[in-house]
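Quick notes on the structure that follows.
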């Protein structure tokens, strides 16, 4: 898990086959296609790409790692793959630390972002540099094997902040705290129905019962809303909601403000236990290199970011501490390692 102790997710053949069939339907892969794998196979995204391309007769090329993004760009050129996907970190690194945007990739037909939200301005960068490239946005969870929604590339320019509509065979509901559906446009918990929903957590029946209700619906713990076209917009995680001095704050709300500050490349907002407020809002910010060595310069940078944030949100909802990073600690799949971040390493 991104925020706590990992749990074993039991996925049946039916779960995985349901997702493979959904991918084949909304995004056809054939024996003429090939794919560059940067995700570890022990993460569900890597496993899904392995299954989809193998079962469709496609080819897979494996990147040894993602330490040097330019090496990955060279592999895209050399292997002439038709598809590539990754988490937001992968695409930000490719844009900031490689020749990805200016490199001609005539064989690359599609790319897909999964495992988190890529800021709209980053999507616009890719679309401007490579207008002929299909850009897919995927949302899911390991518990859903993992695909839940997909944003049609034809709607990306119009809805860059959307996670898209449910893939074939999957139904998405937005419910309140009692489990009842809420009206369209109202924020609630994202609930998933379908044969992609996991069997349960390995040897953790109590944990399974907390997320799969009596109707077999998976309560994702994500908050969001559906628009008039049935596209999903995520607003935050239930366990990422910070309760500070009577305020309820979605971390993503503050992160979006921080990303508007000049020089900020990435932002993570966390709630830290506090005797007075319940939780103290703290911001972790990755900035444009090089990171200053002098403590005074780092403090000046943090003060500038603080002033920017206070100009956008009320004091009660603004971070009370700012931590400046040259790079965030990450897990092998590219996602931020929040426990290590909280530990300051």
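The values are calculated or read from the model by the stated rules, or taken from the named source; none is laboratory data. Treat the numbers as computed from the prediction; the structure is a model and nothing was measured. Heads up, the Cβs are rebuilt from the backbone with ideal geometry, glycines too, and the neighbour counts pull from every protein chain shown.
List, please: which pairs have Cβ atoms under 7 Å, are six or more places apart or on different chains, and start with a residue in the range 206-221 that is at pLDDT below 95 and end with one that is in a strand (DSSP E or B) and surrounded by fewer than 19 Cβ atoms within 10 Å (Cβ to Cβ)?
Sorted first by the residue in the range 206-221, then by its partner, the pairs are 221/237.
Tell me the residue from 302, 267, 297 that is within 24 Å of residue 115 (Cβ to Cβ), free of Cβ contacts under 8 Å to residues at least 40 places away in the same chain and not assigned by TED's automatic domain parsing to the domain that holds residue 67, please. Even if it seems obvious, please write down each step before you answer.
On the way: 302 fails: within 24 Å of residue 115 (Cβ to Cβ); 297 fails: within 24 Å of residue 115 (Cβ to Cβ).
Step by step, each of 302, 267, 297 is checked, and only 267 is within 24 Å of residue 115 (Cβ to Cβ), free of Cβ contacts under 8 Å to residues at least 40 places away in the same chain and not assigned by TED's automatic domain parsing to the domain that holds residue 67.
In the range 63-84, what count of residues is obtained for those that are closer than 17 Å to residue 108 by Cα, surrounded by 15 or more Cβ atoms within 10 Å (Cβ to Cβ) and within 23 Å of the chain's Cα centre (by Cα)?
Number satisfying all stated conditions: 8.
Given the range 180-245, what strands (runs of 3 or more DSSP E) lie entirely inside it while holding 1 or more residues that are over 20 Å from residue 117 (Cβ atoms)? Don't jump to the end; show me each part of the working.
Values: elements: 188-194, 218-226, 232-237, 241-244.
In the range 180-245, the matching strands (runs of 3 or more DSSP E) lie at 188-194, 218-226, 241-244.
Mind checking whether some residue in the range 175-182 is under 20 Å from the mean Cα position of the chain (by Cα) and outside the structural domain of residue 338 (by TED's automatic domain parsing)? Break it down into steps so the answer makes sense when it comes.
Of the range 175-182, the ones under 20 Å from the mean Cα position of the chain (by Cα) are none.
Taking every residue of the range 175-182 in turn, none turns out to be under 20 Å from the mean Cα position of the chain (by Cα) and outside the structural domain of residue 338 (by TED's automatic domain parsing).
For the condition at pLDDT 90 or above and on the phi < 0 side of the Ramachandran plot, what is the one hit in 276, 265? Talk me through it step by step, then tell me what you get.
Values: 276 fails: at pLDDT 90 or above.
Testing whether each residue is at pLDDT 90 or above and on the phi < 0 side of the Ramachandran plot leaves just 265.
Which ones in the range 106-118 are within 24 Å of residue 48 (Cβ to Cβ) and outside any strand (DSSP E or B)? Let's see the steps before the verdict.
Restricting attention to the range 106-118, the residues satisfying the condition of being within 24 Å of residue 48 (Cβ to Cβ) are 107-118.
The answer is 107, 108, 109, 114, 115, 116, 117, 118.
Please work out if residue 93 is in contact with a helix residue (DSSP H, G or I) (Cβ under 7 Å, 6 or more places away or on another chain), under 28 Å from residue 260 (Cβ atoms) and outside any strand (DSSP E or B). Quick ask: steps written out before the conclusion?
Details: in contact with a helix residue (DSSP H, G or I) (Cβ under 7 Å, 6 or more places away or on another chain): yes; under 28 Å from residue 260 (Cβ atoms): yes; outside any strand (DSSP E or B): yes.
It is true that residue 93 is in contact with a helix residue (DSSP H, G or I) (Cβ under 7 Å, 6 or more places away or on another chain), under 28 Å from residue 260 (Cβ atoms) and outside any strand (DSSP E or B).
Condition first: in a strand (DSSP E or B) and out of contact with any helix residue (DSSP H, G or I) (no Cβ under 8 Å at 6 or more places or on another chain). Now tell me which residues in the range 274-322 satisfy that. Can you show your working first?
Step one: of the range 274-322, the residues in a strand (DSSP E or B) are 274, 278-287, 321-322.
Passing the criteria: 274, 278, 279, 280, 282, 286, 321.
As an exercise: evaluate residue 52 against (1) surrounded by 20 or more Cβ atoms within 10 Å (Cβ to Cβ); (2) part of a helix (DSSP H, G or I); (3) in contact (Cβ under 8 Å) with a residue 40 or more places away in the chain and give the number of the one condition it does not meet.
With respect to (1) surrounded by 20 or more Cβ atoms within 10 Å (Cβ to Cβ); (2) part of a helix (DSSP H, G or I); (3) in contact (Cβ under 8 Å) with a residue 40 or more places away in the chain, residue 52 is out only on (3).
What about residue 212, is it closer than 29 Å to residue 288 by Cβ, surrounded by 18 or more Cβ atoms within 10 Å (Cβ to Cβ) and more than 18 Å from the chain's Cα centre (by Cα)? It would help to see each step written out before you state the result.
Details: closer than 29 Å to residue 288 by Cβ: no; surrounded by 18 or more Cβ atoms within 10 Å (Cβ to Cβ): yes; more than 18 Å from the chain's Cα centre (by Cα): yes.
No.
Taking the range 27-45 as the region of interest, how many residues are outside any strand (DSSP E or B) and surrounded by 18 or more Cβ atoms within 10 Å (Cβ to Cβ)?
Just the residues of the range 27-45 that are outside any strand (DSSP E or B), to begin with: 27-33, 38-45.
Among the residues that remain, those that are also surrounded by 18 or more Cβ atoms within 10 Å (Cβ to Cβ) are: 27, 29, 33, 38-39, 43-45.
Adding up the residues that qualify gives 8.
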